[in-house]
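Chemist: A single structure is presented below for examination.
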Amino acid sequence: MTVSTDKKHWTDEEFIALSRDGNQYELVNGEVIDMGNSGMEHGYIACILVAALITIVKPNKLGAICDSSTAFTLKNGNKRAPDVSFVAKNRLQGLTRPPRGFFQGSPDLAIEILSPSNTVEEIHSKIVEYFENDTQLVWVIHPDEKFVLVYHNPEPDGFLRSGDRLNGEDIIPGFSLAVSELFEIWDW
């Protein structure tokens with residue numbers, strides 16, 4: 001992860017234009033952070049989650065699922081991009097399409113998949129910001145150790161292993177996924 005030391009006010013248009021180079025960025029306290037590439041395992045887990053979530057969210061018209069290229073503008077001006085996110089339909093009222101720019105506010109569910117370059121401090125800061133901006137649920141997925149931490153506030157209150165299930169709770173009613181599906185060994 002590379003941090004730009006150029007502190008300035010970024011317009012949405014300028015910030016979106018940065019991604020033309022193929023990288024993904026977050027804006028944190030006026031500094032642009034290059035989130036870099038995360039590798040295939042990271043992307044594969046994100047796809048499993050998106051595919052599983054969309055099978056409940058779309059047919060039941062619960063809201064919108066977004067990938068890691070979606071940044072959310074938080075109250076403090078930071079733009080954060082969870083690896084996978086969900087925004088409930090009640091927060092999308094009046095929209096007939098997704099906004100072309102950034103969503104104002106945080107997602108209802110934010111999912112972070114740890115990469116080797118992530119630090120504990122970095123992830124904790126994101127989680128704190130999500131909850132300061134009305135996120136209701138955060139899942140932090142640890143591929144190396146094969147577990148998921150569940151948050152309803154900035155401190156984890158759930159620890160899920162391969163024998164457990166992720167649950168959408170009241171945020172995504174009806175959603176359930178075996179944690180083991182995130183970490184399956186390929187058997188071609």
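Chemist: What tally of residues in the stretch 98-125 results from selecting those that are at pLDDT 95 or above, out of contact with any helix residue (DSSP H, G or I) (no Cβ under 8 Å at 6 or more places or on another chain) and outside any helix (DSSP H, G or I)?
Modeler: 1
Chemist: Kindly establish whether Phe131 is loosely packed, with under 13 Cβ neighbours inside 10 Å and in contact with a Phe, Trp or Tyr (Cβ under 9 Å, 6 or more places away or on another chain). Explain how you work it out, then say what you get.
Modeler: Values: loosely packed, with under 13 Cβ neighbours inside 10 Å: no; in contact with a Phe, Trp or Tyr (Cβ under 9 Å, 6 or more places away or on another chain): yes.
No: the conditions fail for Phe131.
Chemist: Separate question: For the stretch 144-158, how many residues meet the condition of being outside any strand (DSSP E or B) and either in contact (Cβ under 8 Å) with a residue 12 or more places away in the chain or open to solvent by less than 50 Å² (accessible area, probe 1.4 Å) (or both)? Steps first, please.
Modeler: Our first condition is that a residue be outside any strand (DSSP E or B); within the stretch 144-158, this holds for 144-146, 152-155.
Now drop any that are not either in contact (Cβ under 8 Å) with a residue 12 or more places away in the chain or open to solvent by less than 50 Å² (accessible area, probe 1.4 Å) (or both), which leaves 144, 146, 152-154.
Number of matching residues: 5.
Chemist: Return yes when Gly101 is farther than 27 Å from Phe183 by Cβ, surrounded by fewer than 16 Cβ atoms within 10 Å (Cβ to Cβ) and under 14 Å from the mean Cα position of the chain (by Cα) and no when it is not. Before the answer, list the steps.
Modeler: Values: farther than 27 Å from Phe183 by Cβ: yes; surrounded by fewer than 16 Cβ atoms within 10 Å (Cβ to Cβ): yes; under 14 Å from the mean Cα position of the chain (by Cα): no.
Taking the combined requirement at face value, the residue does not satisfy it.
Chemist: Assigned to a strand (DSSP E or B), at pLDDT 95 or above and either surrounded by 23 or more Cβ atoms within 10 Å (Cβ to Cβ) or β-branched (Val, Ile, Thr) (or both), is that true of Ile141?
Modeler: Details: assigned to a strand (DSSP E or B): yes; at pLDDT 95 or above: yes; either surrounded by 23 or more Cβ atoms within 10 Å (Cβ to Cβ) or β-branched (Val, Ile, Thr) (or both): yes.
So Ile141 passes the test.
Chemist: Taking only the stretch 53-91 into account, find how many residues are under 10 Å from Ser106 (Cα atoms), charged (D, E, K, R) and part of a strand (DSSP E or B).
Modeler: Result for the stretch 53-91: 2.
Chemist: May I pose another question? Return the only residue of Gly163, Gly94 being part of a loop (DSSP other than H, G, I, E, B), over 30 Å from Val32 (Cβ atoms), open to solvent by 70 Å² or more (accessible area, probe 1.4 Å) and in contact (Cβ under 8 Å) with a residue 12 or more places away in the chain.
Modeler: Values: Gly94 fails: in contact (Cβ under 8 Å) with a residue 12 or more places away in the chain.
Of Gly163, Gly94, the one residue that is part of a loop (DSSP other than H, G, I, E, B), over 30 Å from Val32 (Cβ atoms), open to solvent by 70 Å² or more (accessible area, probe 1.4 Å) and in contact (Cβ under 8 Å) with a residue 12 or more places away in the chain is Gly163.
Chemist: Another question, if that's okay. Go through the stretch 170-182 and report how many residues are assigned to a loop (DSSP other than H, G, I, E, B), surrounded by 14 or more Cβ atoms within 10 Å (Cβ to Cβ) and either out of contact with any helix residue (DSSP H, G or I) (no Cβ under 8 Å at 6 or more places or on another chain) or of a type in the set (Ser, Thr, Tyr) (or both).
Modeler: Step one: list which residues in the stretch 170-182 are assigned to a loop (DSSP other than H, G, I, E, B), which gives 170-175.
Filter once more, keeping what is surrounded by 14 or more Cβ atoms within 10 Å (Cβ to Cβ): 171-172, 175.
Among the residues that remain, those that are also either out of contact with any helix residue (DSSP H, G or I) (no Cβ under 8 Å at 6 or more places or on another chain) or of a type in the set (Ser, Thr, Tyr) (or both) are: 171.
Here the count works out to 1.
Chemist: So, one more: Select from the stretch 56-70 the residues that are surrounded by 16 or more Cβ atoms within 10 Å (Cβ to Cβ) and touching a Gly at 6+ places or on another chain (Cβ under 9 Å) and write down the one among them that is nearest to Gln136 (Cα to Cα). Full working, then the answer.
Modeler: Taking the stretch 56-70 and keeping what is surrounded by 16 or more Cβ atoms within 10 Å (Cβ to Cβ), we get 56-57, 62-68, 70.
Adding the requirement that they be touching a Gly at 6+ places or on another chain (Cβ under 9 Å) leaves 56-57, 62, 68.
Numbers: Ile56: 18, Val57: 16, Leu62: 15, Ser68: 18 Å.
The extreme case among them is Leu62.
The values are calculated or read from the model by the stated rules, or taken from the named source; none is laboratory data. Source: prediction; values computed, not measured. Counting neighbours? That spans all protein chains shown, and the Cβs are built from the backbone with ideal geometry, glycine included. The protein model used for the area step is the full one, side chains on, heavy atoms only, and it has no ligands, DNA or RNA in it. Shrake-Rupley method; radii C 1.70, N 1.55, O 1.52, S 1.80 Å.
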